Protein chains: 2
Amino acid sequence: MSNSDNYHQLTRTFQRLSRFSHLSAIASWDMFTMMPPGGSKARGEALAELSVLEHQLLTDANVAKWIAAAQQEDLNDVEQANLREMSRLHHQASLLPESLVEAKSLAGSRCEHAWRSQRPANDWEGFAENLKEVVKYSREEARLRAEAKGCSPYDALLDVFEPEMTSARLDILFADIKSWLPELLNKVVAKQSQQSLIAPTAPFPTAVQRELGLETMAQLGFDFTAGRLDISAHPFCGGVPQDVRITTRYDENELLSALFGVIHETGHARYEQNLPQNWAGQPIALARSTAIHESQSLFFEMQLGRSPAFLKRLIPAVTRHFGDQPAFEESNFIAWNQQVKPGFIRVDADEVSYPAHVILRYEIERALINGDIEVDDIPALWNEKMQAWLGLSTIGNYRNGCMQDIHWTDGGFGYFPSYTLGAMYAAQLFSAANRALPDLNHAIAQGDFSALFDWLRQNIWQHGSRFTTEQLITQATGEPLSSRYFRAHLEARYL
Amino acid sequence: MSNSDNYHQLTRTFQRLSRFSHLSAIASWDMFTMMPPGGSKARGEALAELSVLEHQLLTDANVAKWIAAAQQEDLNDVEQANLREMSRLHHQASLLPESLVEAKSLAGSRCEHAWRSQRPANDWEGFAENLKEVVKYSREEARLRAEAKGCSPYDALLDVFEPEMTSARLDILFADIKSWLPELLNKVVAKQSQQSLIAPTAPFPTAVQRELGLETMAQLGFDFTAGRLDISAHPFCGGVPQDVRITTRYDENELLSALFGVIHETGHARYEQNLPQNWAGQPIALARSTAIHESQSLFFEMQLGRSPAFLKRLIPAVTRHFGDQPAFEESNFIAWNQQVKPGFIRVDADEVSYPAHVILRYEIERALINGDIEVDDIPALWNEKMQAWLGLSTIGNYRNGCMQDIHWTDGGFGYFPSYTLGAMYAAQLFSAANRALPDLNHAIAQGDFSALFDWLRQNIWQHGSRFTTEQLITQATGEPLSSRYFRAHLEARYL
């Protein structure tokens, strides 16, 4: 018997699990991009069956035994980190009975599928009925996890997406943002109201937008031998590291809305495509957390994509694709693409008002999961918070209010904070990269992103889940997460 | 304990298996239509892992126990038929060790993936190396099956695709065809050489061809809420009955090549979409066999699609999509689309020379699996048989010779005879429908296919695998399979 037999048994089990995750990732991508409506029920059942299988494999008694025994084995640093992640995944799964895993998966598929037509129909009552089922199972999940962890139900869900994160810590970070963001937002809106901008003249044909998107992805290093760009109602990055599937949606009235979506998802995609291939199939090769994932997409979209240097470089490409327009004059083009305009829709929000959308959802989902409110309370709370933050009423406007996002439809409670955590990480990372790479701004203006991407590869991508989030970010930037880089970034760009 | 407990345990197991087959079907469709090359290795491993899982579930000791016990239970006719199919699938799987299932799946994925670039490069040596691996595992499979069944290795593989069929019976059917087809082919070619036809003027843009295909699918009753049309190098019908995925490929120089491919796959698709939904997930709800499946596609493509009445009705649609041309004059258009031209490529072959392509492959694959020849012998044999049947040399022309088909790449030995069996079944079924529906030709000329499709639904589609092939065809047509309807059809249409 070798001195790492138990560890090697575990690597075989997780290898197998990763192959089933591959099929689940592709079938899910297909569900959002390709599947006709008639396939929905059978697909939901197939994916639920696979969830149950994965749950069985992950919670098998042998896995517990091997984990305990492997902790006594002679493992190197990488193996120890992999074992830590295996143990985390095993314990997370072991807290849930198989029946709950299946019921939650089925309720989520049903709710998501119905939501696709309920949202355009503004049918809150129909949606609420399905959502209550989803919330029931998510609360049960949260209760079981919370009991084991000794924390609040919501914190227990947060921990699945964002290990180490707690609502106590989020409250501090978000309280800080709340202390300066409303005033900053007012100042920026007031300042920008002085601008008189020339709007781009539509239409912008979908096929041309797609070409511009593909060209930009190539410039940003997307590997097309290991991924694709498609269309879905709700843009996402899915698939597997060897075959990353990103999506966008096109509006022929909007010049760059789809493109910035593509740039955002390309950030996610490059992280996935550059995860450590030599550990492929093992938990250590997975992305660190949802917030770190968001940090990469927002690094691409906001830190890089909406920087004046990058925007300036976009103009010749935009002109080549759509013909010249007065709106494409440099200062107008940059200002147009840096507009701050509080609105209803999170995914269309500028980076200054974005945290309002996230904190609002965080407060509502936390109350919902902790049992302080019910599904029926959501619309009124949504309206109240939108009024308070952005001065917008969502009364009766469910489709652009509490029905706009896909996350809750399949029980993704605890995900939303990742967006603003990601924005903070992105600002902190960009600041560190800027210090490490003195010619960065000049290189970006030249369209040379190689040093920047090398820096991300060295500091984030290649590590997968080898380090904890706190270790990763401290090694990369010299300190733990701080909101001050995000504030400094917004002030520098918009004031 | 109820009197059908064991049977119900089996239905749960097969329900679960059908959900995993769903994922495998979608991931396979994706592999041929969407997947970038970098995903190939991981996809192959994921599909192999799923094959192993399905094999484990199907060969579980409980399944054998339940089958034995269920045979003593009080089951109705449908349940008994379902149990017969369950037992067949269980026994087929039980003959193979898990290691062989996995090795065969991996070797097949590798060979298929490499073939995609080896075929255009005419790289027989590279291909042969992978094919030898595939043949090794297929021979091993055939040996194990043959030992259990007490038949030749090739017959054992044939039985997987086409239950009850033997090479002895095929030899009689094919000998009959060989006795009259060469002469018929010569006569038709001689007769058609008198024609002076106007060729359609290319190009025919892909997007327009696709529109015509979608419109024709709709007319043929394809349910777009439960299926899609996409592109792949080798057209196929995949997916699941609730979500049928058909593909075609476009050549802008060819007027209707893609369309007839679409009509062919629509025949497969309507069979799938009309399998018995109330038994969904059970073996009895699956299509009867590959030859019956082919009979539906050839019923649509050849019996219906290339009939003068149908072709005549196509002219206005073709003119609307591509503009008018002299080639679209009625008698010219019909004659153009009924041309018999012996050529290299099976999938492009007319229905008169098609059996030559199939019988050639049957003879080679039978010798290969039975160990009478080796992979290295294939090109010479191919050339010899193409010379004898169609007067064409394939020396050095592997890409249009023995490398043209996908079937052998993943070990689908025993499938090819289904094409000509399907053509015979299709002719026999159309003849029976014609007798049952006196106004059929008039209805087709009017574009009213409802009675024809109702007849297929009643006689074939709704039965799934409830009856054996022989029962099914005898009930539908009054007699077992006979080659005389196929011969009569070819003589009536082409002489």
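The values are calculated or read from the model by the stated rules, or taken from the named source; none is laboratory data. Since the structure is predicted, the reported quantities are computational estimates derived from the model, not experimental observations. Cβ: placed from backbone, ideal geometry, glycine included. Neighbour counts: every protein chain shown. When the accessible area is computed, the model is the full protein with side chains, heavy atoms only, and any ligands, DNA or RNA have been set aside. Shrake-Rupley method; radii C 1.70, N 1.55, O 1.52, S 1.80 Å.
Before moving on, here are some points about what is shown:
- Any hit, segment B:131-142, residues being among the aliphatic types (A, V, I, L, M), in a helix (DSSP H, G or I), open to solvent by less than 50 Å² (accessible area, probe 1.4 Å) and without any contact (Cβ under 8 Å) to a residue 24 or more places away in the chain: no
- The set of residues in segment A:438-457 being among the aliphatic types (A, V, I, L, M) and in contact (Cβ under 8 Å) with a residue 12 or more places away in the chain consists of A:Leu440, A:Ile444, A:Ala445, A:Ala451, A:Leu452, A:Leu456.
- Answer from A:Arg466, A:Arg457, A:Arg487, A:Arg493 - the residue that is under 20 Å from A:Ala269 (Cβ atoms) and open to solvent by 40 Å² or more (accessible area, probe 1.4 Å): A:Arg457
- A single member of A:Thr247, A:Thr225 is without any contact (Cβ under 8 Å) to a residue 12 or more places away in the chain, of a type in the set (Ser, Thr, Tyr) and within 14 Å of chain B (Cβ to nearest Cβ), and it is A:Thr225.
- Filtered residues of segment A:36-54 (kept if open to solvent by 30 Å² or more (accessible area, probe 1.4 Å) and either farther than 23 Å from B:Lys41 by Cβ or within 7 Å of chain B (Cβ to nearest Cβ) (or both)): A:Pro37, A:Gly38, A:Lys41, A:Glu45, A:Ser51
- Residues being at the interface with another protein chain (Cβ under 9 Å from one of its Cβ atoms) and open to solvent by less than 10 Å² (accessible area, probe 1.4 Å) - total across segment B:1-22: 2
- For segment B:244-253, the criterion of being touching a Leu at 6+ places or on another chain (Cβ under 6 Å), open to solvent by less than 40 Å² (accessible area, probe 1.4 Å) and at pLDDT 95 or above is met by at least one residue.
- When A:Glu141 is tested against (1) closer than 26 Å to A:Ala388 by Cα; (2) modelled with pLDDT of 95 or more, only condition (1) is not met.
- For segment A:80-94, the criterion of being open to solvent by 40 Å² or more (accessible area, probe 1.4 Å), away from chain B (no Cβ under 14 Å) and not in a helix (DSSP H, G or I) is met by none of the residues.
- Scanning segment A:23-35 for residues that are within 8 Å of chain B (Cβ to nearest Cβ) and open to solvent by less than 10 Å² (accessible area, probe 1.4 Å) yields A:Leu23, A:Ile26, A:Ala27, A:Asp30.
- Here A:Arg320 clears all of (1) within 14 Å of another protein chain (Cβ to nearest Cβ); (2) in a helix (DSSP H, G or I); (3) without any contact (Cβ under 8 Å) to a residue 24 or more places away in the chain except the condition numbered (1).
- If the condition is being within 25 Å of B:Leu481 (Cα to Cα), part of a loop (DSSP other than H, G, I, E, B) and among the hydroxyl-bearing types (Ser, Thr, Tyr), then segment B:395-418 contributes only B:Tyr415.
- Qualifying residue in segment B:190-205 (condition: assigned to a helix (DSSP H, G or I) and within 14 Å of chain A (Cβ to nearest Cβ)): no
- From the list A:Lys104, A:Lys65, the lone residue that is buried (at least 17 other Cβ atoms within 10 Å of the Cβ) and away from every other protein chain (no Cβ under 14 Å) is A:Lys104.
- Every condition in (1) under 30 Å from the mean Cα position of the chain (by Cα); (2) part of a helix (DSSP H, G or I) holds for A:Trp66 except the one numbered (1).
- Cross-chain or 6+ apart pairs with Cβ under 7 Å, segment A:189-202 first and of a type in the set (Gly, Ala, Ser), then assigned to a helix (DSSP H, G or I): A:Ala199/A:Ala327
- Of all residues in segment A:250-275, those being closer than 22 Å to A:Leu17 by Cβ, within 14 Å of chain B (Cβ to nearest Cβ) and part of a helix (DSSP H, G or I) number 2.
- In segment B:443-450, the count of residues that are of a type in the set (S, T, N, Q) and open to solvent by less than 20 Å² (accessible area, probe 1.4 Å) is zero.
- Enumeration of residues in segment B:276-285 that are more than 14 Å from chain A (Cβ to nearest Cβ) and surrounded by 22 or more Cβ atoms within 10 Å (Cβ to Cβ): B:Pro283, B:Ile284
- Filter result for A:Ser109 (within 12 Å of another protein chain (Cβ to nearest Cβ), in a helix (DSSP H, G or I) and either open to solvent by less than 10 Å² (accessible area, probe 1.4 Å) or in contact (Cβ under 8 Å) with a residue 60 or more places away in the chain (or both)): no
- Just one of the listed residues (A:Leu392, A:Leu421, A:Leu429) is farther than 26 Å from A:Cys111 by Cα and assigned to a loop (DSSP other than H, G, I, E, B), namely A:Leu392.
- The single condition among (1) within 26 Å of A:Val134 (Cβ to Cβ); (2) open to solvent by 60 Å² or more (accessible area, probe 1.4 Å) that A:Gln194 does not meet is (1).
- A:Leu106 vs. criteria hydrophobic (A, V, I, L, M, F, W, C) and at pLDDT below 95: yes
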